[in-house]
Amino acid sequence: MKNNAISAGGRILLSLVSLFYTPELSAISMYHEHKTPKLVVQVIVSQMRYDYLAKYGKNFSDYGFRKLLSEGMNCTNARYNYMFTQSAPGIVTLMSGTQPAQHGIVGNGWINYTTNESISATADLQEKGVGCDEGEGQYSPRRLLVSTIADELKRYYPQSKIVSVAADPNGAILAGGISPENDVYWFDERYGGWVTSTYYKQTLPAWVVAFNDSTLKMEYTNKLWHISRPFESYVCHNASSILLDTTIKFSFNTIFRPKNKEYDRMQQTPFGNSYLKDFTLEIIRRDSLGQDDIPDLLTVNFGSHRYITEYFGIESTELEDAFYKLDQDLGELISYLDGNIGKENYILMLTSDHGTSDNISKDKQLASSGTFNAMQFKVLISGFLRAQYGDGDWVSEYRNRQIYLNRRLIFEKGISLEEIQNKTATFALQLGGIAQAIPSLTLQSNYYGKGILHKIQNSFYPKHSGDIIINLLPGWIELENEDAEWITSASGSPYEYDIHVPLLWYGSDIAQSALHRTIDMIDVAPTVCEILGIAHTNACEGITINELITQLK
């Protein structure tokens, strides 16, 4: 009888909750009280430095970046607070509100100490690609160790539509959360379509198949890259591939390009971003995002700038023009959202996963920058350890500024791990370009509260990080091999040019303002969670940007 009474009481309580509950009350929580937006759009522009807003600002239109700046909140001092600034850790940091030291995604990949095998942040042989060739598209979010904004939203609102789209699998999957019910798509370089994996779907929706079969991808692939405005108005005049003569209508490069392998090149031009924008608009229409009172989440990762930056550098006309074309794409996206969802019904956040270095100086007499050859470094470290401890493969791998020692061999030989780490770090410090070399045991047994060592520690996750963490001097970039000598600019450091990124908020009740206090990028996730009126992510270390939240009504 007691159990039945409780059950009946529970049914009455649920009925009362259902009677009085409305979605507008969902944001009346332990945090703040405001109306929940129908849609939150997160725009991530890969490898975008904060100073680009001022550098290119005079040539932006009134509808893209300038609209966000003139009608939204600009957080002028938003920075990542860890060392190894790369896409995968940046996206997870944004979505989880915690540092790589907690979420474990220390890079786009790492080494398994037990097997010495290379691990990708998202590769998963348990799954199959959907919409691509056999053996491709095998990805999932199974290596996510903490919850994300997407996970908490799905937990609170099971009917929410959560969509993540990017040029590469890492960008799409790590932002999409762990739920297999979410829609996650990335670009297939072989056939130029948008694909997913069996983790999410067994087949592509019919509308995605139709979009992939359209002629749009060929139109972008065959499009010539002309300047967007008069050349004299550009800030950077170092042009090598962009066409300055807008009367040119064809090129032999386009005519004789192989028909089945040209799509990867689209991502190395601004048209990769434009193609992503078109697919994003189709997603909003087909999935009816923001059309009811259950909040939806859309994350869009524009990735073409990463390729353009690395090849042409930050002083190139190509990169500058790519931002003008992105400005146009962004303006089209904002105009569509304003017109079809209503500015009062959505919030858009724009940021970047990391910045990038200045151009590497070609003048060998200058010590302000340089290139660090990863393969040569690994050979030198291996030679040093053989001289110290005898023949053997002492170095399992050097990756992402980390030396992974052969733990199995070390233990078989009875060598002290602390001793070999310290000797390796001491030797590494003697080599050109290295600013710090920190043994992992030192990072595990000490706490660094500020400065570069603090950022290195925030990047360190014991199960995934190497035995010695290397940090290069300011201005230096790492080349993974001899073939990478074409790289002009790269990310992966704890310095200002890599960690200082834009953070713009637009929509709903957000007024034009500039917030100049320091913002750690782990503050983004709790802020978005409070905008949505949901619990913070489970490993959240960030602090809500209250200056933004208090504007909402």
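The values are calculated or read from the model by the stated rules, or taken from the named source; none is laboratory data. All values reported here derive from a predicted model rather than from experimental measurement. All Cβ positions, even for glycine, are placed from backbone atoms using ideal geometry, and neighbour counts span all protein chains on display. Ligands, DNA and RNA are excluded from the accessible area calculation, which covers all protein heavy atoms including side chains. Shrake-Rupley method; radii C 1.70, N 1.55, O 1.52, S 1.80 Å.
If the chain linking Asp51 and Val379 were pulled fully straight, counting 0.36 nm for each residue of separation and taking away their Cα-Cα distance, it would gain 114.3 nm.
The helix-based estimate of mean residue ellipticity at 222 nm for the chain, built from -39,500 (n - 2.57) per DSSP H run of four or more residues and divided by its residue count, is -10000 deg cm²/dmol to the nearest 500.
Amide H to amide H distances under 5 Å link Ile519 with Asn77, Ala78, Arg79, where only residues 5 or more positions off or on other chains count and H is placed in the peptide plane.
Over all pairs of different C-alpha atoms, region 195-326 has a mean inverse distance whose reciprocal, the Kirkwood radius, equals 16.9 Å.
Note on Arg66: accessible area is roughly 80 Å² with a 1.4 Å probe, heavy atoms of protein only.
Charge dipole (Cα centre; +1 on Lys/Arg Cβ, -1 on Asp/Glu Cβ; no other charges) of region 160-247 amounts to roughly 100 debye.
Take Ile469: with every protein chain present and a 1.4 Å probe, its accessible area is about 10 Å².
Annotation: the antiparallel percentage among DSSP beta bridges lying fully within the chain is about 45.
Determine the sum of side-chain charges near Thr537: Lys and Arg each +1, Asp and Glu each -1, restricted to other residues whose C-beta is under 11 angstrom from that of Thr537. Summing Lys/Arg as +1 and Asp/Glu as -1 gives -2.
Charge dipole (Cα centre; +1 on Lys/Arg Cβ, -1 on Asp/Glu Cβ; no other charges) of the chain amounts to roughly 620 debye. Looking at the chain, the accessible area is 41 square angstrom per residue; that uses a 1.4 Å probe and ignores ligands, DNA and RNA. The 3J(HN,Hα) values that the Karplus relation (6.51, -1.76, 1.60; θ = phi - 60°) gives for region 148-157 are, in residue order, 10, 4, 4, 5, 5, 5, 5, 5, 7, 10 Hz. Gly and Pro appear as x. Its relative contact order, with pairs defined as Cα atoms under 8 Å and 6+ residues apart, puts the chain at 30 percent. Rounded to the nearest whole Hz, the Karplus-based 3J(HN,Hα) values (6.51 cos²θ - 1.76 cosθ + 1.60, θ = phi - 60°) of region 222-238 follow the sequence 8, 6, 7, 8, 9, 5, 8, 8, x, 4, 5, 7, 6, 6, 10, 10, 8, with x at glycine and proline. Using θ = phi - 60° in the Karplus curve 6.51 cos²θ - 1.76 cosθ + 1.60, the 3J(HN,Hα) couplings for region 291-302 round to 9, 9, 8, 8, x, 10, 10, 10, 10, 10, 10, 7 Hz; x is entered for Gly and Pro. Figure legend: label point modelled 7 angstrom from the Cα of Lys553 along Cα→Cβ; residues of region 513-530 with amide N under 20 Å from it are 513-514.
Here's the picture: charge each Lys and Arg Cβ at +1 and each Asp and Glu Cβ at -1 in the chain, and of Gly355, Ile543, Ser241 the one pushed furthest to the positive end of that dipole is Ile543.
Expressed as a whole percent, the accessible surface of the chain that belongs to carbon and sulfur atoms is 52, based on a 1.4 Å probe.
With the simple spin-label model, which puts each label point 7 Å out from Cα in the Cβ direction, the Ser233 to Thr114 separation comes to 6.0 nm. Identify, among Tyr447, Ala121, Gly97, the residue whose Cα sits farthest towards the positive end of the charge dipole of the chain, taking +1 on the Cβ of Lys and Arg and -1 on the Cβ of Asp and Glu, with the dipole about the Cα centre. So the residue furthest toward the plus end is Tyr447. Surface calculation, 1.4 Å probe, protein heavy atoms: Val379 sits at approximately 100 Å² accessible.
What FRET efficiency comes out for Ala206 versus Asp293 if R0 is 30 angstrom and r is the Cβ-Cβ distance? Round to the nearest 0.05. In this case the efficiency is close to 0.65. Near the amide H of Glu397, within less than 5 Å, lie the amide hydrogens of Tyr404, all on another chain or at least 5 residues away, with H placed in the peptide plane. Charging the Cβ of each Asp and Glu at -1 and of each Lys and Arg at +1, and nothing else, the dipole of region 206-335 about its Cα centre rounds to 600 debye.
The equivalent ellipsoid that matches the C-alpha gyration tensor of the chain spans semi-axes of 38, 32, 24 angstrom, in descending order.
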